[in-house]
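The values are calculated or read from the model by the stated rules, or taken from the named source; none is laboratory data. Just so it is clear, the model here is predicted, and its values are computed rather than measured. When we count neighbours, we look across all protein chains shown, and the Cβ atoms used for this are built from the backbone with ideal geometry, even at glycine.
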Amino acid sequence: MATVAESERTLYPYVTGSSVVALKYKDGILMAADMGGSYGSTLRYKSIERLKPVGKHTLLGASGEISDFQEILRYLDELILYDNMWDDGNSLGPKEVHSYLTRVMYNRRNKFNPLWNSLVLGGVKNGQKYLGMVNMIGINFEDNHVATGLGNHLARPILRDEWNENLTFEEGVKLLEKCMRVLLYRDRSAVNKIQISKITEEDCTVFPPFSLKTYWDFSAFKNPTAGAPGSW
Amino acid sequence: MSKLEVPPKGGFSFDLCRRNAMLEKKGHTPKSFLKTGTTIVGLIFQDGVILGADTRATEGPIVADKNCEKIHYMAPNIYCCGAGTAADTEAVTDMVSSQLQLHRYHTGRESRVVTALTLLKKHLFNYQGYVQAALVLGGVDVTGPHLHTIYPHGSTDSLPFATMGSGSLAAMSLFESKYKEGLTRDEGVQLVVDAICAGIFNDLGSGSNVDVCVITKGHKDYLRNHLLPNPRTYVNPKGFTFPKKTEVLLTKITPLKERVEVIEGGDAMEE
């Protein structure tokens, strides 16, 4: 019996998504992620949507194992459905969804069978903006700007420097694009196909994908070994 | 079959590793060593090269030196920032600095950055990565401004802007978003300071102050502690006094006398 159970634990991730970056702005939450799914070191899938709306008030972004993300979406579907069936005029807000996901992730980790994801949850309910993060070992917190994976090292320093309370939509998008551009340059599993989504009190929009402009024309790149022939 | 006594050809001798492993098994804890978990950066601006570094040296989780110097002198026109094991960066930069000076006497010319680069990479490759020094080498010589990174295993890169150390990702994110060609001196120094501050405030291995070094043709500016973003918040205005004074029991002063008499015009020393 024990040997059958052993083989049903998640040991390593297979198809993974790279970082998600999100920030609070004046009217709500802005979230960005690229559309790549890597199979180890191959860029296998280039059109995976990693930002999904959940219910009326929440936006979920995930990095890590894609199949576990799809499983989480099924759990949340069921949760929202049961909530709607009460038909009591109330609907689950981002704080509630975050709490539910934290319990799910932490319980799975305690059974040594984690959902291999880092999730970013954002939303607005009753005028209150909420942005939080949960990861595969159950660590959860909320903040004004969050990032998963390599985004923590590359995007958070920029956000800590340049974020403020009153960003407009355009400023927020520019800031997210700055972070995603650095990730595109310096994260090997990044793809140049970015999706941005926003959620406000009124509605949630996932914008169509676009690509970022990159700059490769530094004169030092044109002839890098001008001073040191033989090196690179 | 007897073993031939072959003299070591170079590199480290790992004879004591088995002994150390046996000691560790018996419970002896090995000493930790001083690392410069670090943020070091360099960039090329319109007139030359600007190097920057933080000033924290760590020994495991403890800050061993709050204000160490990570920008090392190599030649009057070449400076080198070092990350990794503090002893390794100090020793390797000192060694190559003396080699460069001897070379300058031999050739009668100003040192070139590629010379320092080749001497460093040869040494590091020879020790196969065991000398854990990750360096950012920058300088201005007759061929122009140069900036190189050197990794512990001996590979090098030639770049317009570079970062190394544990805070390199935080600093690189700032460089990637703000660097452009043809920066003026003030813009360059500001960008370097911003990048080092990103390392100081976002990386646990880096901290304290910012050192900057600006090298241009024929001139250098070593700005030690250019920025101090982490001052002591509460300082006792009275200073510190030791509670009890040491009692003086006896005072005896013995002046040192010349014992040796120097004879002028004696014989020359024996060879």
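Filter segment B:139-159 down to the residues that are closer than 22 Å to A:W216 by Cβ and outside any loop (DSSP other than H, G, I, E, B) and list them by number.
B:G144, B:P145, B:H146, B:L147, B:H148, B:T149, B:T156, B:D157, B:S158
For (1) part of a loop (DSSP other than H, G, I, E, B); (2) over 18 Å from B:K217 (Cβ atoms); (3) among the acidic types (D, E), each residue gets a yes or a no:
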| position | (1), (2), (3) |
| --- | --- |
| B:T38 | yes, yes, no |
| B:L43 | no, no, no |
| B:V49 | no, no, no |
| B:C81 | no, yes, no |
| B:M95 | no, yes, no |
| B:Q99 | no, yes, no |
| B:L117 | no, yes, no |
| B:K122 | no, yes, no |
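Could you check how many residues of segment A:139-159 are of a type in the set (S, T, N, Q) and within 10 Å of chain B (Cβ to nearest Cβ)?
1
I need a count of the residues in segment B:109-140 that are over 13 Å from the mean Cα position of the chain (by Cα) and either of a type in the set (V, I, T) or over 25 Å from A:A226 (Cβ atoms) (or both).
11
Only one of these is closer than 25 Å to B:P76 by Cα and in contact with a Cys (Cβ under 7 Å, 6 or more places away or on another chain): B:V210, B:V214, B:V193, B:V142. Name it.
B:V210
On the given criteria, is A:L81 over 18 Å from the mean Cα position of the chain (by Cα), in a helix (DSSP H, G or I) and surrounded by fewer than 16 Cβ atoms within 10 Å (Cβ to Cβ)?
Yes.
Based on this model, can you work out whether B:G27 counts as over 19 Å from B:G82 (Cβ atoms), within 14 Å of chain A (Cβ to nearest Cβ) and either out of contact with any helix residue (DSSP H, G or I) (no Cβ under 7 Å at 6 or more places or on another chain) or of a type in the set (V, I, T) (or both)?
So B:G27 fails the test.
Residues in segment A:82-90: is at least one aliphatic (A, V, I, L, M) and in contact with a strand residue (DSSP E or B) (Cβ under 8 Å, 6 or more places away or on another chain)?
no
Among the candidates B:A87, B:A91, B:A57, single out the residue that is away from chain A (no Cβ under 13 Å), in contact with an Asp or Glu (Cβ under 6 Å, 6 or more places away or on another chain) and of a type outside the set (V, I, T).
Numbers: B:A87 fails: in contact with an Asp or Glu (Cβ under 6 Å, 6 or more places away or on another chain); B:A91 fails: in contact with an Asp or Glu (Cβ under 6 Å, 6 or more places away or on another chain).
B:A57 is the lone residue from the list that is away from chain A (no Cβ under 13 Å), in contact with an Asp or Glu (Cβ under 6 Å, 6 or more places away or on another chain) and of a type outside the set (V, I, T).
Give B:T184, B:T156 a once-over and let me know the one that is out of contact with any His (no Cβ under 7 Å at 6 or more places or on another chain) and of a type in the set (V, I, T).
Values: B:T156 fails: out of contact with any His (no Cβ under 7 Å at 6 or more places or on another chain).
B:T184 is the lone residue from the list that is out of contact with any His (no Cβ under 7 Å at 6 or more places or on another chain) and of a type in the set (V, I, T).
Just to be sure I understand, how many residues within segment A:183-232 are of a type outside the set (A, V, I, L, M) and within 11 Å of chain B (Cβ to nearest Cβ)? Spell out how you get there, then give the answer.
Step one: filter segment A:183-232 for residues of a type outside the set (A, V, I, L, M), giving A:185-189, A:192-193, A:195, A:197-198, A:200-205, A:207-211, A:213-219, A:221-225, A:227, A:229-232.
From what's left, within 11 Å of chain B (Cβ to nearest Cβ): A:185-187, A:214-215, A:217-219, A:221-225, A:227, A:229-232.
Counting residues in segment A:183-232 that are of a type outside the set (A, V, I, L, M) and within 11 Å of chain B (Cβ to nearest Cβ) gives 18.
Name the residues in segment A:53-95 that are in contact with a His (Cβ under 9 Å, 6 or more places away or on another chain) and either modelled with pLDDT of 95 or more or within 19 Å of A:V206 (Cα to Cα) (or both), would you?
Hits for segment A:53-95 are A:T58, A:G93, A:P94.
B:I50 fails exactly one of the following numbered conditions: (1) touching a residue at least 12 places away in the same chain (Cβ under 8 Å); (2) over 10 Å from the mean Cα position of the chain (by Cα); (3) surrounded by fewer than 24 Cβ atoms within 10 Å (Cβ to Cβ). What is the number of that condition?
(3)
Which members of segment A:160-182 meet the condition of being among the aliphatic types (A, V, I, L, M), away from every other protein chain (no Cβ under 11 Å) and more than 16 Å from A:Q195 (Cβ to Cβ)?
If the condition is that a residue be among the aliphatic types (A, V, I, L, M), away from every other protein chain (no Cβ under 11 Å) and more than 16 Å from A:Q195 (Cβ to Cβ), then A:L167 is the only one that fits.
Quickly run through segment A:97-121 and pick out the residues that are of a type in the set (D, E, K, R) and touching a Ser or Thr at 6+ places or on another chain (Cβ under 9 Å).
Of the residues in segment A:97-121, the ones of a type in the set (D, E, K, R) are A:103, A:108-109, A:111.
Listed by number, the list holds a single entry, A:R108.
What residue, among those in segment A:9-46 that are charged (D, E, K, R) and not in a strand (DSSP E or B), is surrounded by the most Cβ atoms within 10 Å (Cβ to Cβ)?
A:D27
Collect the residues in segment B:135-153 that are over 20 Å from B:T39 (Cα atoms) and more than 10 Å from chain A (Cβ to nearest Cβ), keeping them in residue-number order.
Result: B:V140, B:V142.
The rows are residues; the columns are (1) within 14 Å of the chain's Cα centre (by Cα); (2) at pLDDT below 95; (3) over 16 Å from A:M35 (Cβ atoms); (4) buried (at least 22 other Cβ atoms within 10 Å of the Cβ).
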{"position": "A:V146", "(1), (2), (3), (4)": "yes, no, yes, yes"}
{"position": "A:L150", "(1), (2), (3), (4)": "yes, yes, yes, no"}
{"position": "A:H153", "(1), (2), (3), (4)": "no, yes, yes, yes"}
{"position": "A:D161", "(1), (2), (3), (4)": "no, yes, yes, no"}
{"position": "A:N166", "(1), (2), (3), (4)": "no, yes, yes, no"}
{"position": "A:V173", "(1), (2), (3), (4)": "no, no, yes, no"}
{"position": "A:D187", "(1), (2), (3), (4)": "no, yes, no, no"}
{"position": "A:E201", "(1), (2), (3), (4)": "no, yes, yes, no"}
{"position": "A:T205", "(1), (2), (3), (4)": "no, yes, yes, no"}
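Working carefully through the options B:A162, B:A195, B:A170, find the one that is touching a residue at least 60 places away in the same chain (Cβ under 8 Å), crowded, with 22+ Cβ neighbours inside 10 Å and either at the interface with chain A (Cβ under 8 Å from one of its Cβ atoms) or over 21 Å from the mean Cα position of the chain (by Cα) (or both). Show your work before the answer.
Values: B:A162 fails: either at the interface with chain A (Cβ under 8 Å from one of its Cβ atoms) or over 21 Å from the mean Cα position of the chain (by Cα) (or both); B:A195 fails: either at the interface with chain A (Cβ under 8 Å from one of its Cβ atoms) or over 21 Å from the mean Cα position of the chain (by Cα) (or both).
So the residue among B:A162, B:A195, B:A170 that is touching a residue at least 60 places away in the same chain (Cβ under 8 Å), crowded, with 22+ Cβ neighbours inside 10 Å and either at the interface with chain A (Cβ under 8 Å from one of its Cβ atoms) or over 21 Å from the mean Cα position of the chain (by Cα) (or both) is B:A170.
Hey, among the residues in segment B:56-72 that are in contact (Cβ under 8 Å) with a residue 60 or more places away in the chain and within 28 Å of B:G182 (Cα to Cα), which one's surrounded by the most Cβ atoms within 10 Å (Cβ to Cβ)?
Once the filter is applied, the top-ranked residue is B:K70.
Only one of these conditions is not met by A:L115: (1) buried (at least 16 other Cβ atoms within 10 Å of the Cβ); (2) without any contact (Cβ under 8 Å) to a residue 24 or more places away in the chain; (3) not β-branched (V, I, T). Which number is it?
So the condition that A:L115 fails would be (2).
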